């Protein structure tokens, strides 16, 4: 029994590829489209929690992620001079044979997931998006930006933070909101001594390092920027150099190496949550299109992967799409809401300079909730 025989996934990020992989694995004919003509995953690195690694295992991706990324069992907490303070263990989940934490480059994860799509024979069409969705009996006719159209049973909107599909389905929905923080990211060579995540506490900004392969790591830096200034890409190394002033150890080495050619990625942090059903008719939104979070809980990719897994599970066993969608929402809404709201709360505590113990309490409460089965 399945609520759909054919499906179209709009958006080729983590959520879209997860949905396409899992729907096809469930026996549903799937095609995927993405508006980008040059299909790739933007960004630097991803920090991976145990619950995200569990989702990767469920999607059949974990072995390659462990081979091409990096897994480890904790966080080395340091002071601003890089001196070790304590190690916070990241234990594996009790019901999952996965490591406690890890990291991977975004383009590497894209390569692993897109290769899995090719193995499954999922057609991918690029430079294309949906411009209209119309009822067609019990199915939906989707009109595309190139003038063509397709009739399918199920449409999945997974086109990210500034989703065009969300505008089609819910034109009244509010746009994503700026959180008051921004993030700088930089991928650099990894010295052997950085064998797990590192946090540097006690300074004016939040700084961390995450190993993402045997050779590389990425640095992130979070700062309160209430006026959301626009900064030219060619001067970001000067901004980051100033922000790292006063930090010692490996951060001083990184600061000394910054130059105009440093591949720095700067993004204001934006977030949103649809607080009503994420579907209309035969179309449902998943991933950042429905619930975009900030990086404080390192769970954005995990939530996207889980969405695809749960959606395919419910569609495969339901008698109708409304039933499948309702069951999906019961399993996903509170979990995704918690990640969005608790990540924002941690960000507010960071901006306010709250004690580390107060911030850690929110993290620990959140990770305990994420350890529950999806």
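The values are calculated or read from the model by the stated rules, or taken from the named source; none is laboratory data. This one's a predicted model, so the numbers in the text were calculated from it and none came from an experiment. So basically every Cβ, Gly included, is an ideal-geometry build from the backbone, and we count neighbours across all protein chains shown.
Consider residue 133 against the criteria (1) in the same structural domain as residue 249 (by TED's automatic domain parsing); (2) part of a strand (DSSP E or B): it satisfies all of them except one. Which criterion is unmet?
That leaves (1) as the condition not met.
Could you say which residue among 64, 76, 81 is part of a strand (DSSP E or B) and farther than 20 Å from residue 370 by Cα?
76
So, residue 26, is that one surrounded by fewer than 24 Cβ atoms within 10 Å (Cβ to Cβ), more than 17 Å from the chain's Cα centre (by Cα) and farther than 30 Å from residue 367 by Cα or not?
Criteria not met by residue 26.
Answer yes or no as to whether residue 174 is in contact with a strand residue (DSSP E or B) (Cβ under 9 Å, 6 or more places away or on another chain), more than 22 Å from residue 352 (Cβ to Cβ) and surrounded by fewer than 20 Cβ atoms within 10 Å (Cβ to Cβ).
Yes; evaluated as a whole, the condition is true for this residue.
Would you mind stating whether residue 128 is surrounded by 16 or more Cβ atoms within 10 Å (Cβ to Cβ), in contact (Cβ under 8 Å) with a residue 60 or more places away in the chain and part of a helix (DSSP H, G or I)?
No, not satisfied.
Would you pick out the residues in the stretch 142-174 that are more than 12 Å from residue 10 (Cβ to Cβ), outside any strand (DSSP E or B), in contact (Cβ under 8 Å) with a residue 12 or more places away in the chain and more than 17 Å from the chain's Cα centre (by Cα)?
146, 153, 170, 173, 174
Select, from 159, 146, the only residue that is on the phi < 0 side of the Ramachandran plot and in contact with a helix residue (DSSP H, G or I) (Cβ under 9 Å, 6 or more places away or on another chain).
Of 159, 146, the one residue that is on the phi < 0 side of the Ramachandran plot and in contact with a helix residue (DSSP H, G or I) (Cβ under 9 Å, 6 or more places away or on another chain) is 159.
Among the residues of the stretch 279-296, write down those that are in a helix (DSSP H, G or I) and surrounded by fewer than 24 Cβ atoms within 10 Å (Cβ to Cβ).
295
I need a count of the residues in the stretch 350-362 that are out of contact with any strand residue (DSSP E or B) (no Cβ under 7 Å at 6 or more places or on another chain) and surrounded by fewer than 18 Cβ atoms within 10 Å (Cβ to Cβ).
Summing the residues that are out of contact with any strand residue (DSSP E or B) (no Cβ under 7 Å at 6 or more places or on another chain) and surrounded by fewer than 18 Cβ atoms within 10 Å (Cβ to Cβ) in the stretch 350-362 gives 9.
Are any residues in the stretch 148-165 over 28 Å from residue 309 (Cβ atoms) and either in contact with a strand residue (DSSP E or B) (Cβ under 9 Å, 6 or more places away or on another chain) or buried (at least 19 other Cβ atoms within 10 Å of the Cβ) (or both), and if so, which ones?
149 - this is the single residue of the stretch 148-165 that is over 28 Å from residue 309 (Cβ atoms) and either in contact with a strand residue (DSSP E or B) (Cβ under 9 Å, 6 or more places away or on another chain) or buried (at least 19 other Cβ atoms within 10 Å of the Cβ) (or both).
Among the residues of the stretch 68-89, which ones are within 18 Å of residue 57 (Cα to Cα) and either crowded, with 20+ Cβ neighbours inside 10 Å or in contact with a helix residue (DSSP H, G or I) (Cβ under 6 Å, 6 or more places away or on another chain) (or both)?
Residues satisfying the conditions are 68, 69, 70, 71.
Report yes if some residue within the stretch 54-67 is under 15 Å from residue 197 (Cβ atoms), modelled with pLDDT of 95 or more, under 19 Å from the mean Cα position of the chain (by Cα) and buried (at least 20 other Cβ atoms within 10 Å of the Cβ); otherwise report no.
No, because not a single residue in the stretch 54-67 is under 15 Å from residue 197 (Cβ atoms), modelled with pLDDT of 95 or more, under 19 Å from the mean Cα position of the chain (by Cα) and buried (at least 20 other Cβ atoms within 10 Å of the Cβ).
Of all residues being in contact with a helix residue (DSSP H, G or I) (Cβ under 9 Å, 6 or more places away or on another chain) and closer than 20 Å to residue 269 by Cα in the stretch 227-241, which is surrounded by the fewest Cβ atoms within 10 Å (Cβ to Cβ)? Just the residue, please.
Among those that are in contact with a helix residue (DSSP H, G or I) (Cβ under 9 Å, 6 or more places away or on another chain) and closer than 20 Å to residue 269 by Cα, it is 231.
Give all pairs with beta carbons closer than 6 Å in which a residue from the stretch 340-358 that is under 13 Å from residue 226 (Cβ atoms) meets a residue that is part of a helix (DSSP H, G or I) and at pLDDT below 95; count only pairs at least 6 apart in sequence or on separate chains.
347/296
Just to be sure before I move on: is residue 307 touching a residue at least 60 places away in the same chain (Cβ under 8 Å), part of a helix (DSSP H, G or I), surrounded by fewer than 23 Cβ atoms within 10 Å (Cβ to Cβ) and out of contact with any strand residue (DSSP E or B) (no Cβ under 6 Å at 6 or more places or on another chain) in the structure I sent?
Taking the combined requirement at face value, the residue does not satisfy it.
Could you say which residue among 372, 326, 354 is in a loop (DSSP other than H, G, I, E, B) and farther than 21 Å from residue 53 by Cβ?
354
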